[in-house]
Amino acid sequence: MSRAADPVIRPLAPPDRRWVRERLVRDWTSTSVARRGELIDATGLSGYVALLGGRRTGLVYQHVGMDLCAFDRYAVRAARELKPTLPLRDRAGLPIDHELELEILLGS
């Protein structure tokens, strides 16, 4: 049995989309994501929302079962040409330079 303070991860649902848009703009300056040399709108991507005490606290785009399938060294540096507002460092002060690509293989 989970306690009220235990985190809950659930799939994003249509009522979450406005919050997703606001969160992306707050954390990443826009809803656009630079990926492999192009900009895409991240508001329509599938993902998960993290809840704590019933309150949305974060977005989760990687989950158990996903594998790292590509690592592109310094790709974020190139992505800044498309999206100059990408931060140089995360909130902990770590450089944001590389792009990770994750996949989940679905059974046939």
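Every read-out reported here was derived from the displayed coordinates using simple, explicitly stated rules and does not represent laboratory data. Model, not experiment: these values are computed from the prediction. All Cβ positions, glycine included, derive from the backbone under ideal geometry; neighbour counts span all protein chains shown.
Under 5 Å between amide hydrogens, which residues at least 5 positions from I96 or on another chain qualify, with H placed 1.01 Å from N in the peptide plane?
R89, D90
What does the charge count around A34 come to, taking other residues whose C-beta lies under 10 Å from its C-beta (Lys +1, Arg +1, Asp -1, Glu -1)?
So the environment of A34 carries a net charge of +1.
Helix-only estimate, please: 222 nm mean residue ellipticity of the chain, summing -39500 (n - 2.57) across DSSP H runs of length 4 or more and dividing by its residues, to the nearest 500.
Counting only the DSSP helices, I get -5500 deg cm²/dmol.
Give me the net charge of Y74's neighbourhood, meaning all other residues with Cβ under 13 Å from the Cβ of Y74; Lys, Arg count +1, Asp, Glu -1.
-1
So what is the diffusion coefficient of region 7-103 in µm² per second by Stokes-Einstein at 37 °C and 0.692 mPa s, using a Kirkwood Rh over Cα pairs?
D, rounded to a whole number, is 226 µm²/s.
Got a sec to turn the phi values of region 92-97 into Karplus ³J(HN,Hα) couplings, 6.51 cos²θ - 1.76 cosθ + 1.60 with θ = phi - 60°, whole Hz, x for Gly and Pro?
Once rounded to whole Hz, the list reads 8, x, 7, x, 10, 10.
Within 14 Å, Cβ to Cβ, of L102, how many net charges do the neighbouring residues add up to if Lys/Arg are +1 and Asp/Glu are -1?
Once all neighbours under 14 Å are counted, the net charge is -3.
How high is the relative contact order of the chain, in percent, with contacts defined as C-alpha pairs under 8 Å that are six or more residues apart?
Relative contact order of the chain: 26 percent.
Please work out how much length the chain gains when fully extended from L52 to L68, using 0.36 nm per residue of separation minus the C-alpha to C-alpha distance, in nm with one decimal.
Full extension from L52 to L68 adds 3.0 nm.
With r defined as the distance between the Cβ atoms of V25 and R77 and R0 fixed at 25 Å, what FRET efficiency is calculated, to the nearest 0.05?
0.65
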